[in-house]
Ligand code: GLY
């Protein structure tokens, strides 16, 4: 099977790495990819938001399957363009990707499907936003209705900060904000594969969204993750499938916009039970980096089944009895303005350590073909071990080998995962 992966991040590097270990995968291509992905796949400098260009490339390389990684190409209809060219695509249609593309749409689907979530108020003016903040009180939760690369949500006790975020979101033409009750309790990510009808869960993971240790500082795209979650209830996955994933997938099919791809269910384990914090229409980053190393079933066949309506015929997924922890190395300044073009060294030394591999995100090669940083999140260092403590030790041993001037990372990823939930 020949597979084309669309995207540039560590999530796509994790997908390509897992696909490269599938014996049925004979050729890997990426558009546009990154230098790390380039070690495993042929790179093609194609605009990932241009559906026709991606479909043309898929045709040219004879791809049997196109896997669309990030949300922006999905919302732009790249999976639709690939399917229209007669090629199997893993990733929802633009219409179904609205589950991530619009928070208000997702809330509407959840209400129709009876999915537990915080009650929302949708505001289109600053006065409505202000009234919403007062209706719910602190801590205030303000979400940009549209895509915002992980920076659309502000949770704060400071009313002025909440209102300022609402004003910033509403300044964009035609925009809305969603204001809702704060959901207490630890958060969990569960990825559910669907072909539009059937649904198959992967294993839960937890990510660390705030930039600094102790969950301090602003939200980021994610600074680290781990899996499994020893503290999570044993019936968690069954409950999420019964109360969230299956009703949502059924509701999307009922609306005539079946959801085929991966439904990322972001959950809070609140004192009142589980509640959906958000849906995304793609794999999470960095959670994918810790879920895929645990999957024993070859990934290519699984994604192909989801893309071709045959998930129901797929044998049960098999999982390794292993734990995984990833730590993100970010550029100085991230999640604000970052210093790019900094030299990166030590990746080979990190990967020489047992259980360690390094995934690229914001990397590039300079004119002398040296590896340099080119974005906010630069690398995901992954440690895999027979338990979380060993996986964590491996990940941080890898991080310690890598040098990137002005970089920063969190030191507390999975630090107390064995003791109880990290919130
Ligand atoms: N880790 C959060 C996300 O992928 O949106």
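FYI, it's all coordinate maths here, none of it is from the lab. This one's a predicted model, so the numbers in the text were calculated from it and none came from an experiment. All Cβ positions, glycine included, derive from the backbone under ideal geometry; neighbour counts span all protein chains shown.
Rounded to the nearest 500, what is the chain's calculated 222 nm mean residue ellipticity when only DSSP H runs of at least 4 contribute -39500 (n - 2.57) each, over all residues?
-7500 deg cm²/dmol
Give me the distance in nm between label points sitting 7 Å out from Cα along the Cα-to-Cβ direction at residue 386 and residue 105, one decimal.
4.8 nm
If you find the alpha carbon centre of segment 13-41 and of segment 48-117, how far apart are they in angstrom?
The distance from the Cα centre of segment 13-41 to that of segment 48-117 comes to 20 Å.
Under 10 Å, Cα contacts only: if you run a Gaussian network model on the chain, which one of 190, 74, 170 comes out with the highest mean-square fluctuation?
Highest fluctuation of the listed residues: 170.
Once you order the gyration tensor axes a ≥ b ≥ c over the Cα atoms, which shape class does segment 37-128 get: rounded for a/c under 1.5, otherwise prolate or oblate by comparing a/b with b/c?
Values: a/c = 2.83, a/b = 2.38, b/c = 1.19.
Cα axes put segment 37-128 in the prolate bin.
Under the Kirkwood approximation applied to all pairs of distinct alpha-carbon atoms, what is the hydrodynamic radius of segment 76-207 in Å? Before the final figure, lay out each step's value.
Details: mean 1/r = 0.0606 Å⁻¹.
Here the Kirkwood hydrodynamic radius works out to 16.5 Å.
Suppose a student asked you for the relative contact order of the chain, using Cα pairs under 8 Å spaced at least 6 residues apart; what percent would you report?
Numbers: 1075 pairs, mean separation 68.7, N = 423.
About 16 percent, as a whole number.
Quote the FRET efficiency, to the nearest 0.05, computed for residue 253 versus residue 164 with a Förster distance R0 of 45 Å and r equal to the Cβ-Cβ distance.
Details: r = 40 Å, r/R0 = 0.89.
Step by step, r from the Cβ atoms, then E = 0.65.
Using the C-alpha gyration tensor of the chain, what are the square roots of 5 times its eigenvalues, in whole angstrom, with the largest one first?
For the chain, the ellipsoid semi-axes come out as 30, 26, 22 Å.
Report the label-to-label distance for residue 339 and residue 27 in nanometres (one decimal), using points 7 Å from each Cα along the Cα→Cβ vector.
4.3 nm
Find the relative contact order for segment 287-327 and round it to a whole percent, using C-alpha pairs within less than 8 Å whose residues are 6+ positions apart. Intermediate results must be reported in sequence, preceding the final value.
Details: 28 pairs, mean separation 24.5, N = 41.
After rounding, I find 60 percent.
Given R₀ = 41 Å, FRET efficiency for residue 365-residue 59 by Cβ-Cβ distance, to 0.05? Walk me through the numbers on the way to the answer.
Values: r = 28 Å, r/R0 = 0.69.
E(calc), rounded to 0.05, equals 0.90.
Using 0.36 nm per residue of separation minus the Cα-Cα distance, give me the extension gain between residue 408 and residue 172 in nm, one decimal. Don't jump to the answer; show the numbers that get you there.
Values: separation 236, 0.36 × 236 = 84.96 nm, distance 3.14 nm.
My answer for the length gained is 81.8 nm.
Once you order the gyration tensor axes a ≥ b ≥ c over the Cα atoms, which shape class does segment 258-324 get: rounded for a/c under 1.5, otherwise prolate or oblate by comparing a/b with b/c?
Details: a/c = 2.00, a/b = 1.34, b/c = 1.49.
In terms of gyration-tensor shape, oblate.
Between 268, 330, 160, which gets the highest mean-square fluctuation from a Gaussian network model of the chain, Cα cutoff 10 Å?
160
With a 10 Å cut-off between alpha carbons and a GNM built on the chain, which of 86, 222, 273 moves the most?
Highest fluctuation of the listed residues: 273.
For residue 246, put the label point 7 Å out on the Cα→Cβ axis and report which residues of segment 307-350 keep their amide N under 16 Å from it.
312-313
Let me make sure I get this right: for segment 221-306, a, b and c are the square roots of the gyration tensor eigenvalues over alpha carbons, sorted descending. Under 1.5 in a/c it's rounded, otherwise prolate if a/b > b/c, else oblate. Which is it? Before the final figure, lay out the partial values.
On the way: a/c = 1.62, a/b = 1.05, b/c = 1.54.
Cα axes put segment 221-306 in the oblate bin.
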